[in-house]
Amino acid sequence: MRVTVVGSGSWGSAFSRLLVHRGHDVQVLTLTRGEAAQLNATHENPHFLPGLVLPPEVRFVALGDAGLEGAGLIVYAVPTQAVRQVARWVAPRRPPGSLQLSLAKGYELGTLKRPTEVVEEETGGGAAALSGPNHAEEVSRDMPSATVVAAADEALALALQEAITSDTFRVYTNDDVVGVEFCGAVKNPIAVAVGMSDGLGFGDNSRASLITRSIAEMTRLGMIQGAHVATFTGLAGIGDLIATCTSRHSRNRLAGELLAKGASPDEVEKEVGQVVEGIPTAYALHDLAGRLGIDMPVTENVYQVLEGRRTPQESVADLMGRRPRKERHED
Ligand SMILES: NC(=O)c1ccc[n+]([C@@H]2O[C@H](COP(=O)([O-])OP(=O)(O)OC[C@H]3O[C@@H](n4cnc5c(N)ncnc54)[C@H](O)[C@@H]3O)[C@@H](O)[C@H]2O)c1
């Protein structure tokens, strides 16, 4: 199948490699002509995916020079806040019947829409979401990983499962698009919180307590949004949460460490050098939880730190000083 991957960052690069190995004809769209020329010449992406040589079959084209003729699948591998702009570009060019897949994890600021909602709104076509414990650094080195493709339309999910599954990348389908995209978004600010705990010098007890209590708040907000409870214990839920909160690859966890050491959010983004979805998502969750009247102590503390209203130390005091309560989250 002809596939166009929009976005030549770390996940777009790793995913394009996976697609080539599955026998697809892949073009990757870059933001600039300079990037396309450099990537075509070297097939290396040292800023986003250092140390990896991409297959020679991947063609890089600048977005401004590209078309979508013959595309059977369009993959959105850009930060969540860029999905609408890309979908607007895709809309008039998309071949009828082409499949769409979002790899983005977050909520659009302002509208608080999920990436597939944005794609569907702009293009008028259905879109699936792919989410799970899938660090690009590991997928691109063929380390076994599993993931979820979520779509309301079962035929779309099955077609994508068939197109993507390989002997190192195992794809499950799920019809809970709300839950899968919700979990993929929320785990990022939680990883920022865990990174802050690590950065403050705390240990395994603090990390495990934070992750576990985050599952409670994640479930609280997700269920109200219509997520299925089983999704929280699946790959896109706990699976991705564990990977993101404990990995040395996680830039959201690293962002938390830097915040704990006194960096500002701008300094953090500069230092990390790639999108840190946990930052906009903390703002989106602050809005979403506020609108729905849901208590989200962990992600709200991340928001307060990002806003400069609380230091990481003060947020620890806030979390530890909450009124005593029963553990079960329905209480
Ligand atoms: N990196 C991972 O391991 C990973 C895994 C799963 C999901 N994701 C999700 O995938 C999305 C992309 O992440 P990433 O890690 O590849 O980010 P990244 O920062 O490495 O790369 C983002 C890429 O998008 C491009 N881009 C930005 N705006 C664009 C626009 N308007 N048009 C075209 N290209 C544009 C950038 O130039 C860059 O090449 C995020 O939502 C992230 O949460 C990442």
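If we count GluC sites (Glu not before Pro) as exposed when they sit in a DSSP loop and have at most 10 other beta carbons within 10 Å, what is the longest stretch of the chain that avoids them all?
Formally, the longest exposed-site-free interval is 70-326.
I'd like the FRET efficiency for residue 233 and residue 168, computed as 1/(1 + (r/R0)^6) with the beta carbon distance as r and R0 of 41 Å, rounded to 0.05.
Between residue 233 and residue 168 the formula returns 0.95.
Roughly how much of residue 31 is accessible, in Å² to the nearest 10, using a 1.4 Å probe?
Taking all protein chains as shown, residue 31 has close to 150 Å².
Given the options 40, 134, 301, which has the most mean-square fluctuation in a GNM of the chain, springs set between C-alpha atoms less than 10 angstrom apart?
40
Binning at 10 angstrom from zero up to the longest distance, how are the C-alpha pair distances of the chain distributed in percent?
In whole percents, the pair-distance histogram is 6, 27, 35, 22, 8, 1, 0.
For the pair residue 22 and residue 311, how long in nm is the line joining their label points, each one 7 Å along Cα→Cβ?
Placing both labels 7 Å beyond Cα along the Cβ direction yields 4.9 nm.
Number of Lys pairs in the chain with C-alpha atoms less than 21 angstrom apart, excluding same-chain neighbours closer than eight positions?
Going through the chain pair by pair, I get 5.
Would you calculate a helix-derived [θ] at 222 nm for the chain, using -39,500 (n - 2.57) for each DSSP H run of n ≥ 4 and dividing by the full residue count, to the nearest 500?
Calculated from helices alone, the mean residue ellipticity at 222 nm is -14500 deg cm²/dmol.
Could you check which residue among 236, 193, 284 shows the biggest mean-square fluctuation in a GNM of the chain with a 10 Å Cα cutoff?
284
Apply 1/(1 + (r/R0)^6) to the Cβ-Cβ distance of residue 69 and residue 175, taking R0 = 30 Å, and write down the FRET efficiency to the nearest 0.05.
Efficiency for this residue pair is about 0.45.
Rank-order 242-250, 144-152 by packing density, defined as the average count of other C-beta atoms within 10 Å over each peptide's residues, highest first.
The peptides rank, most packed first, as 144-152, 242-250.
Compute the label zone of residue 202 within the stretch 225-248: residues whose backbone N is under 17 Å from the point 7 Å along Cα-to-Cβ.
Of the residues in the stretch 225-248, 242, 245-247 have backbone N under 17 Å from the label point off residue 202.
At a 1.4 Å probe radius, carbon and sulfur cover how many percent of the accessible area of the chain?
Answer for the chain is 52 percent, counting heavy atoms of protein chains only.
For residue 47 and residue 109, compute 0.36 nm times the residue count separating them, minus their Cα-Cα distance, and round to one decimal in nm.
Going from the current span to full extension adds 19.7 nm.
Express the accessible area of the chain per residue in Å², computed with a 1.4 Å probe while the remaining protein chains stay in the model.
43 Å²
Give me the one-decimal nm value for the distance between modelled label points at residue 146 and residue 320, 7 Å along each residue's Cα-to-Cβ direction.
That separation, rounded to one decimal, is 3.7 nm.
The values are calculated or read from the model by the stated rules, or taken from the named source; none is laboratory data. The shown structure was predicted, so the numbers you read here are calculated from the model rather than taken from an experiment. Here the Cβ is made from the backbone with ideal geometry for all residues, glycine too, and neighbour counts use every protein chain on show. Ligands, DNA and RNA are excluded from the accessible area calculation, which covers all protein heavy atoms including side chains. Shrake-Rupley method; radii C 1.70, N 1.55, O 1.52, S 1.80 Å.
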